[in-house]
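The values are calculated or read from the model by the stated rules, or taken from the named source; none is laboratory data. This is a predicted model, so every value here is computed, not measured. Cβ atoms come from the backbone with ideal geometry, glycine included; neighbour counts cover every protein chain shown.
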């Protein structure tokens with residue numbers, strides 16, 4: 001089993017811990033953070049870019065080692081510990097692989113707001129359901145929605161939608177239409 005290192009990234013001038021992470025190879029992970037900084041605009045990445053503009057880079061310190069089974073717990077523990085000590089960490093989650101609890105800064109909230117304005121698929125936007133009709137065995141049938149037709153007929157929603165939107169001539173031998 002691989003040894004995972006819990007590490008910190010610190011400011012090279014103030015020596016203040018700014019980030020806590022977990023990796024098999026923290027130095028290699030630092031280069032990953034540096035590459036990500038060219039595309040991402042999180043607070044952590046902005047901090048890294050500001051260091052680079054001054055010819056500096058973050059200091060990497062290993063603070064603990066563990067096996068893979070313990071690394072999520074320890075990463076969460078150390079992030080919580082450093083925060084309880086008053087460190088202003090730039091971690092966007094509580095820690096652990098795929099951890100929830102992402103905390104977004106104002107910059108990220110603003111970007112997401114702009115992205116979702118006018119987006120009919122954004123969270124919180126209600127979708128108008130299309131009524132659907134079909135002729136099955138010479139009988140005209142109406143359904144409240146594509147999902148309703150798929151559930152009643154035990155067919156795939158995608159196949160019905162593709163037929164309605166003209167991407168296929170029929171779905172399972174049935175011609176569907178939006179009403």
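Count of region 136-179 residues, restricted to those that are touching a helix residue (DSSP H, G or I) at 6+ places or on another chain (Cβ under 6 Å) and in a strand (DSSP E or B), is 4.
Note on region 82-111: residues that are at pLDDT 70 or above and surrounded by 13 or more Cβ atoms within 10 Å (Cβ to Cβ) amount to 11. Within region 26-52, the set of residues being in contact with a strand residue (DSSP E or B) (Cβ under 8 Å, 6 or more places away or on another chain) and surrounded by fewer than 13 Cβ atoms within 10 Å (Cβ to Cβ) comprises 27 only. When residue 57 is tested against the conditions (1) within 22 Å of the chain's Cα centre (by Cα); (2) more than 19 Å from residue 93 (Cα to Cα), the lone failure is (1).
Confirm whether residue 68 is in the same structural domain as residue 8 (by TED's automatic domain parsing), surrounded by fewer than 17 Cβ atoms within 10 Å (Cβ to Cβ) and modelled with pLDDT under 85. Steps first, please.
On the way: in the same structural domain as residue 8 (by TED's automatic domain parsing): yes; surrounded by fewer than 17 Cβ atoms within 10 Å (Cβ to Cβ): yes; modelled with pLDDT under 85: no.
No.
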